[in-house]
Amino acid sequence: MRPQRQRSALFLLATSALYVALLLYIDRGSGILARLAELGGPLLACVALVLCSFMLRYQRWHLALRAQGHTDIQWRKGLQAYLAGFAFTVSPGKAGELLRIRYFGRMAVPPSTVLGTFIYERGQDLAILTLLGMAAAALVPVFGTLAGLVLAALAVLCLASRWPRLRALLSSLAARMPGTRPRQLAHFLVDGLSQAGPLLQPRVLLPGLALGTLAWLLSAAAFAGLCVAMGLPLAWQHALGIYPLAMLAGAASFVPGGVGTTEAAIVLMLAALGAPLDVALTIAIGIRLATLWLAIAVGMLAMFGLELQASRNDTH
């Protein structure tokens with residue numbers, strides 16, 4: 001295992017251990033783990049919806065790669081490479097998902113293309129989460145500020161990916177950075193922005209937005225279903241907007257994977273609707289088990305499967 005992946009694995013192990021320790025601490029006297037054990041059926045339904053959302057998100061990725069000329073990628077192999085990126089999704093800025101560079105590289109997809117597609121996907125997700133979160137904006141007084149930051153970030157990404165002069169300026173700034181490694185990373189990011197530019201054409205952008213929106217709606221539906229199972233039915237706007245808004249808050253916190261901050265945002269919003277604290281905590285932890293930690297588990301399985309295939313091919 002390369003040093004970078006070793007660090008990612010150690011970071012994941014540390015985060016997981018901390019999460020479990022915090023969960024055990026919260027469970028003392030609240031019975032959250034017992035409540036989750038009773039929610040086997042609803043949680044399985046959540047898992048099914050979230051897995052479907054993963055498929056839709058990969059289909060967006062697949063279409064983006066095809067739009068960049070990579071039309072010979074088998075859907076199943078591409079899906080496995082895409083899912084492998086989730087193995088280290090608990091990383092700053094989700095940069096661990098760029099593990100996909102390793103596996104799409106075996107399909108002759110250049111690293112800059114993978115990075116550009118990643119930037120395109122992240123930008124779309126931010127836009128979709130902001131739009132869906134507007135439905136529950138009244139629960140978060142700072143939503144306007146949060147939405148403004150997201151829109152500013154998206155504007156910078158769009159301008160940098162479509163405006164060569166801005167990219168040239170960024171390249172010159174990257175060349176002046178101290179240290180060889182930071183300069184290489186900065187140039188790599190600028191190259192990725194140039195790759196993302198063609199993906200902003202309507203023929204690629206609109207289907208991607210449709211697939212991404214449907215994927216996040218499935219996750220929101222999983223959250224709403226879990227609330228109903230806990231005896232907490234939500235108004236349509238809260239069912240639609242709370243989970244996307246919590247994800248947006250987690251991203252804005254810059255905490256890797258939004259671990260802890262996303263759960264806290266869910267608890268605060270549900271508490272504002274009058275939910276008891278133990279119920280809100282159970283829902284927050286349950287939906288994160290069925291989304292974030294499911295994604296990590298699926299990613300690990302996909303990664304180990306791809307590494308096993310590679311080792312078998314090397315022996316033959």
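The values are calculated or read from the model by the stated rules, or taken from the named source; none is laboratory data. Remember, it's a predicted structure, so these values are computed and weren't measured experimentally. Note that we place each Cβ from the backbone using ideal geometry, even for glycine, and neighbour counts take in every protein chain shown. Each accessible area value is taken on the protein alone, full model and side chains, heavy atoms only, with ligands, DNA and RNA left out. Shrake-Rupley method; radii C 1.70, N 1.55, O 1.52, S 1.80 Å.
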Any residue that is outside any helix (DSSP H, G or I) and over 20 Å from Phe54 (Cα atoms) - is there at least one of those in segment 301-315?
no
Looking at (1) within 22 Å of Ala48 (Cα to Cα); (2) open to solvent by 10 Å² or more (accessible area, probe 1.4 Å); (3) among the aliphatic types (A, V, I, L, M); (4) in contact with a Phe, Trp or Tyr (Cβ under 9 Å, 6 or more places away or on another chain), which is the only condition Leu217 fails?
(4)
Listed by first then second residue, the pairs whose first member lies in segment 31-47 and is within 12 Å of Val279 (Cα to Cα), whose partner is among the charged types (D, E, K, R) and part of a helix (DSSP H, G or I), with beta carbons under 7 Å and at least 6 positions apart or on separate chains, are Ile32/Asp278; Leu33/Asp27
Take the residues in segment 130-180 that are charged (D, E, K, R) and open to solvent by 90 Å² or more (accessible area, probe 1.4 Å); name whichever of them is nearest to the chain's Cα centre (by Cα).
Arg162
When Phe118 is run through (1) of a type in the set (Phe, Trp, Tyr); (2) open to solvent by 60 Å² or more (accessible area, probe 1.4 Å); (3) over 18 Å from Arg288 (Cα atoms), the failure sits at (2)
Considering only segment 183-194, how many residues are open to solvent by 60 Å² or more (accessible area, probe 1.4 Å) and at pLDDT 70 or above?
2
Could you grab me the full set of residues in segment 266-291 that are buried (at least 23 other Cβ atoms within 10 Å of the Cβ) and either in a loop (DSSP other than H, G, I, E, B) or polar (S, T, N, Q) (or both)?
Thr282, Ala290
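Would you say Phe143 is touching a helix residue (DSSP H, G or I) at 6+ places or on another chain (Cβ under 9 Å), under 30 Å from Ala235 (Cα atoms), of a type in the set (Phe, Trp, Tyr) and modelled with pLDDT of 75 or more? Before you say what the answer is, go through the steps one by one.
Values: touching a helix residue (DSSP H, G or I) at 6+ places or on another chain (Cβ under 9 Å): yes; under 30 Å from Ala235 (Cα atoms): yes; of a type in the set (Phe, Trp, Tyr): yes; modelled with pLDDT of 75 or more: yes.
Judged against the criteria, Phe143 is a match.
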Of the residues that sit in segment 201-260 and are among the aromatic types (Phe, Trp, Tyr) and at pLDDT 95 or above, which one is farthest from the chain's Cα centre (by Cα)?
Phe223
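Given Gly85, Gly78, Gly69, which one is in contact with a Lys or Arg (Cβ under 6 Å, 6 or more places away or on another chain) and open to solvent by less than 60 Å² (accessible area, probe 1.4 Å)?
Values: Gly78 fails: in contact with a Lys or Arg (Cβ under 6 Å, 6 or more places away or on another chain); Gly69 fails: in contact with a Lys or Arg (Cβ under 6 Å, 6 or more places away or on another chain).
Of the residues listed, the single one that is in contact with a Lys or Arg (Cβ under 6 Å, 6 or more places away or on another chain) and open to solvent by less than 60 Å² (accessible area, probe 1.4 Å) is Gly85.
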Out of segment 220-252, which residues are without any contact (Cβ under 8 Å) to a residue 40 or more places away in the chain, within 10 Å of Ala136 (Cβ to Cβ) and surrounded by fewer than 22 Cβ atoms within 10 Å (Cβ to Cβ)?
Leu234, Ala235, Ala239
What pairs can you find where one residue is in segment 66-81 and in contact (Cβ under 8 Å) with a residue 12 or more places away in the chain, the other is open to solvent by 30 Å² or more (accessible area, probe 1.4 Å), and their Cβ atoms are less than 6 Å apart, with a gap of 6+ or different chains?
Ile73/Met107
Only one of these conditions is not met by Leu306: (1) crowded, with 16+ Cβ neighbours inside 10 Å; (2) more than 19 Å from Tyr19 (Cα to Cα); (3) without any contact (Cβ under 8 Å) to a residue 24 or more places away in the chain. Which number is it?
(3)
Is it true that some residue in segment 99-108 is open to solvent by 50 Å² or more (accessible area, probe 1.4 Å), more than 24 Å from Gly305 (Cβ to Cβ), modelled with pLDDT of 90 or more and among the aliphatic types (A, V, I, L, M)?
no
